[in-house]
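Notes follow the structure.
The values are calculated or read from the model by the stated rules, or taken from the named source; none is laboratory data. Not measured: the values here are computed from a predicted model. Every residue, glycine among them, receives a Cβ derived from its backbone with ideal geometry; neighbour counts consider all protein chains shown. We work out accessible area using only protein heavy atoms, side chains counted, and drop any ligands, DNA or RNA first. Shrake-Rupley method; radii C 1.70, N 1.55, O 1.52, S 1.80 Å.
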Amino acid sequence: MNTDLLANGAQIIVAISVLFVWTFRFHNVESEFKNFGYSILFRSFVGVAKIALSTLMLVGICYQELSLPSTMGMALFMLGAQYAHTSVKNGFQQRLPSLVFLVLCLFVIGSQ
């Protein structure tokens, strides 16, 4: 199978999943950020940034020059999510989604 096709699929999975969580599952986001002890302002910044990066990741499928920077940005947020989950001693199941998305982002970055 073509690596470009797999990388595009990974971009789509990460972007759509993040958009879904930050729009339709926002109550979970609120709960997590409260558990982490983060402010509403910080949560809002992360949300706007992740939605923008997700959109750019999708657009990056057609405009390749947007793919790498948006995926690198998303990878940094997923790395931050791993840190946040670890700092409050969340279990592996709670860290798994951001870990999977981090691995997918790293795959996309590596295939560029």
Rounded to the nearest 10 degrees, the helix 40-59 long axis (Cα) sits at an angle to the longest Cα principal axis of the chain of 10 degrees
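With the contact rule set at Cα under 8 Å and sequence spacing of 6 or more, what percent relative contact order holds for the stretch 1-74?
About 34 percent, as a whole number.
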In debye to the nearest 20, the charge dipole size for the chain, taken about the Cα centre with +1 at each Lys and Arg Cβ and -1 at each Asp and Glu Cβ, equals 380 debye
Quick one: helix 67-87 against the long Cα principal axis of the chain, what's the angle to the nearest 10°, folded into 0 to 90?
30 degrees
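HIS27 to CYS62: FRET efficiency via 1/(1 + (r/R0)^6), r the Cβ-Cβ distance, R0 35 Å, to the nearest 0.05?
On the way: r = 33 Å, r/R0 = 0.93.
The formula returns an efficiency of 0.60 here.
Within 10 Å of each candidate Cβ there may be at most 12 other Cβ atoms; applying that plus a DSSP loop requirement, which chymotrypsin sites (Phe, Trp or Tyr not before Pro) in the stretch 33-112 survive? Walk me through the intermediate numbers first.
Working: sites: PHE33, PHE36, TYR38, PHE42, PHE45, TYR63, PHE77, TYR83, PHE92, PHE101, PHE107; in loops: TYR38, TYR63.
Passing sites in the stretch 33-112 are TYR63.
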Phi to ³J(HN,Hα) by Karplus 6.51 cos²θ - 1.76 cosθ + 1.60 over the stretch 18-33, Hz, x for Gly, Pro:
5, 4, 4, 4, 7, 10, 8, 10, 4, 4, 5, 4, 4, 4, 5, 5
Solvent accessible area, Å² - ILE13, 1.4 Å probe, full protein context
90 Å²
Filtering trypsin sites (Lys or Arg not before Pro) in the stretch 26-94 by DSSP loop and by at most 14 other Cβ atoms within 10 Å leaves LYS89
What's the extension gain from VAL88 to SER44 if we count 0.36 nm per residue and subtract their Cα-Cα distance?
13.8 nm
Mean residue ellipticity (222 nm) of the chain, computed from DSSP H runs ≥ 4 via -39,500 (n - 2.57), nearest 500:
-28500 deg cm²/dmol
